[in-house]
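Each value in this text was obtained by applying a stated rule to the coordinates, not by laboratory testing. Being a predicted model, the structure only gives us computed values, none of them experimental. Every residue, glycine as well, gets a Cβ built from its backbone with ideal geometry; the counts of neighbours run over all protein chains shown.
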Amino acid sequence: MDAEKQVYRVQGFTCANCAGRFERNVKDLPGVADAKVNFGAAKLTVYGSATVEELEQAGAFERLKVSPERQRVEPRKDPFWRRHGNVVVSAALLAAGYALGERFGESGSLPALAYGASILIGGYGLFRKGLQSLLRLRFDMNVLMTIAILGAAAIGEWGEGATVVILFAISETLERYSMDNARRSIRSLMELAPREALIRRGGAERVVPIEDVRVGDTMIVKPGGKLAMDGVVTGGASSVNQAAITGESMPVPKAAGDEVFAGTLNEEGLLEVRVTKAAEDTTIAKMIHLVEEAQAERAPSQAFVDRFATYYTPLILIAALLVVVVPPLFVGGAWDEWIYRGLALLVVGCPCALVVSTPISIVTAIGNAARRGVLIKGGIHLEEAGRIAAVAFDKTGTLTEGKPRVTELLAVGGMSEREALAVAARLEKGSAHPLASAILRRAQAEGVDFASGAEAFRSVTGKGVRGEIDGKLYELGSPGWFSERQAAPEAGAAERIAELQRQGKTVLVLGTPHRIEALIAVADEPRASSADAVRRLHALGIRRTTMLTGDHRTVAAAIGSQLGLADVQAELLPQQKLEAVKALRAQYGRVAMVGDGVNDAPALAASTVGVAMGGAGSDTALETADIVLMGDDPSKLPYTIELGRKTVAVIKQNIAFSLGIKLVALLLIAPGWLTLWMAIFADMGATLLVTLNSLRLLRTKDAKG
């Protein structure tokens, strides 16, 4: 969209219908091309130009407070009497009406006067919204309730009309409370990072707002203090509790060169940190943004409810009209009796519980996951995670630590081991592969000079690297790559390669196009939680777990056996990983692909749900995957799948209960057993139960072991 985009936070939403009306009002503003309200996150996105005053005027019917997204605003806390004073007065008048009715009789003018005042004071806001919607031919719950209450008064049922006003106000309060409670998990994320940081500039230390902290500043973090910005440790050593970002339960040691994140807690020592990201670009800021955007992504169940509600409310109005008209005209029923039953149908047809059934479940589950180090980028991905039948894993950096080390260096040609290490390091200096870092670390540890690198460097995807060193062409890569173009290595080297691979080690061959010079064995140990994650996936009923890797078959088989994987596919190029994921989808339907978000991008995109590991500090992982495990912990995947399943179950329960209780109430209308106050009480009870059922998702924990 070409129009200028502005994002605002909104305070004061009471229901989804009100949010929809606010969105329509904003769209009607002269300078606005389009607008979108994110009810779950209480945010408004405007495409075009509009002042805050104009936006607040568009939300004046609900007294909405609008502020720019990045402006720090304290939550609005209206006094109790301002929020609920009219309801309290209305309830007092209702009680007075009952008391007067007991003394002077229900048909007296004094009880009717008290009831009428109760209806006007308690229902004024409802009537205003209902009549405005009716004039625009928008049939929402406000229209249903307005007609029902005014109709009850018209046929002399003043007491029941006033009771419905009170119960509907309580029902709306419950709905507002439920969404506020669900949003609280997001607000808790926003409050994790301090709003100020202790910065050293020009030799002096000063406390400045995080908006004024610049990239490159040195931040001082004292023991027991929270980090305000992302950065790299330049001085000091400590343990940092990263649970807020990664969900890790144990503090992580940090020293010079280690990355740290805003919102984490420094436990022991003093740290000096070089700031690497602006306030709006920190990992916690991106997490909050993505979690809030996830609220706007409508899950399949939400789309169903929205479509259903579009036709449901007009049908209730038509059904109520038929109940009022048909019996008196065709079977001789009494008008006042059937008008009353029609009004009861309007009240019981109010879709409050149905409307709130899905969004509160999604918001609660996504907020719960974010607090446990799992970032889910939309309700659709949460629901799909709950339906996963097969899981494919990358190996390096996913199931394994991703920090391989050189375990053996064998010179098999005319070079010495030190010369071979120097050549290998100069070749790998231009590579970003994890195996390259292992060789460079070994060379650095042994004091080998590799500063000059290689000339004419070239990386051959999935096979190795080549380059010129001192005018001579060298290659470093898999044994299979060498055997493709020259004779197999001599018997002794071939046997050694096979033996190292049986031990689960990756073997790299160094040589020229005509001769093998050395063998380098690299070991990448499985993560401590990988085997447990695979076991828990099988316990959850996942039908297939497979590892997709470019490593040698023998190495992959050894790792797969250690972890208990059902299937291992090795020596795969990125395109072949993509094809493997497509084959799994054809066989099992819904497949999750777990990778690092970079090399596995095609496979992640082809899967039903793409899951990236280690999103903390990784912009690529945050952008490419549907679900991000913020820490390097595969055991978060079973938790995510279980949360998805529970969310789908809760949504189905909520929808079934919301519709079921209405069906029962409808059956009570025909014999005349359903009163107006019973109808609204049933809807209020349904809203309360749906809310409590959804909040059960907060109790879903990462039950390791």
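On full extension, the segment bounded by Arg535 and Glu417 gains 38.3 nm, given 0.36 nm per residue less the C-alpha separation. Need the C-alpha centroid separation for segment 327-394 versus segment 664-691, integer Å. When both Cα centres are located, 17 Å separates them.
For the cross-link pairs Lys36/Lys286; Lys286/Lys701; Lys429/Lys577; Lys5/Lys277; Lys286/Lys429; Lys505/Lys701, the ones whose C-alpha atoms lie over 29 Å apart are Lys286/Lys429; Lys505/Lys701. Mind checking which aspartates and glutamates have their Cα closer than 12 Å to the Cα of Lys636? Skip sequence neighbours fewer than 8 apart in that chain. Answer for Lys636, where 12 Å is the Cα cut-off: Glu248, Asp532, Asp702, listed by chain and number.
Kindly give Rg over Rh for segment 502-550, based on alpha-carbon atoms, with the Kirkwood expression for the hydrodynamic radius.
1.22
Between Ala498 and Gln562, the FRET efficiency estimated from the beta carbon spacing at R0 = 22 angstrom works out to 0.75. Here's the picture: a label point sits 7 Å out from the Cα of Arg201 along the beta-carbon direction, and within segment 222-259 the residues with their amide nitrogen under 20 Å of it are 222, 227-232, 234.
Seen from every direction in turn and averaged, the convex hull around the alpha carbons of segment 99-144 projects onto 3.8 nm².
Here the 3J(HN,Hα) profile of segment 319-331, calculated from phi with Karplus coefficients 6.51, -1.76 and 1.60 at θ = phi - 60°, is 4, 5, 4, 5, 4, 6, 8, 5, x, x, 7, 10, 10 Hz, Gly and Pro shown as x. If you take the alpha carbon atoms of the chain and fit the smallest convex hull around them, that volume is 197 Å³ per residue. Distance between the modelled labels on Glu4 and Leu137, one decimal in nanometres: 3.6 nm (7 Å Cα→Cβ projection). When all alpha carbon pairs of segment 569-701 are counted in 10 Å bins from zero, the resulting P(r) reads 11, 26, 23, 16, 13, 9, 2, 0 %.
When every Cα-Cα distance of segment 478-598 is counted in 5 angstrom steps from zero, the calculated P(r) takes the values 2, 10, 18, 19, 18, 13, 9, 7, 4, 1, 0 percent.
Computed from the C-beta positions of Ala432 and Arg307, the FRET efficiency with R₀ = 45 Å rounds to 0.45.
The stretch between Leu329 and Arg458 holds 37.6 nm of extra length on full extension. This uses 0.36 nm per residue minus the Cα-Cα distance.
Residue-wise HN-Hα couplings along segment 371-381, as the Karplus relation 6.51 cos²θ - 1.76 cosθ + 1.60 with θ = phi - 60° gives them from phi, are 6, 9, x, 10, 9, 10, 9, x, x, 5, 6 Hz; Gly and Pro carry x. For a modelled paramagnetic label at Leu315, 7 Å from Cα along Cα-to-Cβ, the residues of segment 131-147 in reach, with backbone nitrogen under 18 Å, are 139-141, 144.
Over every pair of different alpha-carbon atoms in segment 366-496, take the mean of 1/r and invert it; report that Kirkwood radius in Å.
Values: mean 1/r = 0.0558 Å⁻¹.
Radius from the Kirkwood sum: 17.9 Å.
The local environment of Ala344, defined by Cβ-Cβ distances under 14 Å, has a net charge of -3 under the rule Lys, Arg +1 and Asp, Glu -1.
If R0 is taken as 60 Å, the Cβ-Cβ distance between Leu667 and Ala237 corresponds to a FRET efficiency of 0.30. The charge dipole of the chain, taken about its Cα centre with unit charges on the Cβ of Lys, Arg, Asp and Glu (plus for the first two, minus for the last two), comes to roughly 1000 debye.
Charged side chains reduced to their Cβ positions (Lys and Arg at +1, Asp and Glu at -1) give segment 327-473 a dipole of some 200 debye around its Cα centre. Distance between the pseudo-spin-label points of Ser109 and Thr218 (7 Å out from Cα toward the beta carbon): 8.6 nm.
Just add up the charged neighbours of Pro671: K/R +1, D/E -1, any other residue whose Cβ is under 15 Å from the Cβ of Pro671. Write out the running numbers ahead of the final one.
Numbers: positive: Arg341; negative: Glu337.
Local charge sum for Pro671: 0.
Peptides 345-357, 547-559, 41-53 ranked from most to least packed, by the mean per-residue count of other Cβ atoms within 10 Å: 345-357, 547-559, 41-53. For the chain, adding -39500 (n - 2.57) for each run of n ≥ 4 DSSP H residues and dividing by the number of residues yields -16000 deg cm²/dmol at 222 nm.
Expressed in nm to one decimal, what extension gain is obtained for the pair Val52 and Leu698 from 0.36 nm per residue of sequence separation less their Cα-Cα distance?
Details: separation 646, 0.36 × 646 = 232.56 nm, distance 3.50 nm.
Value of the extension gain: 229.1 nm.
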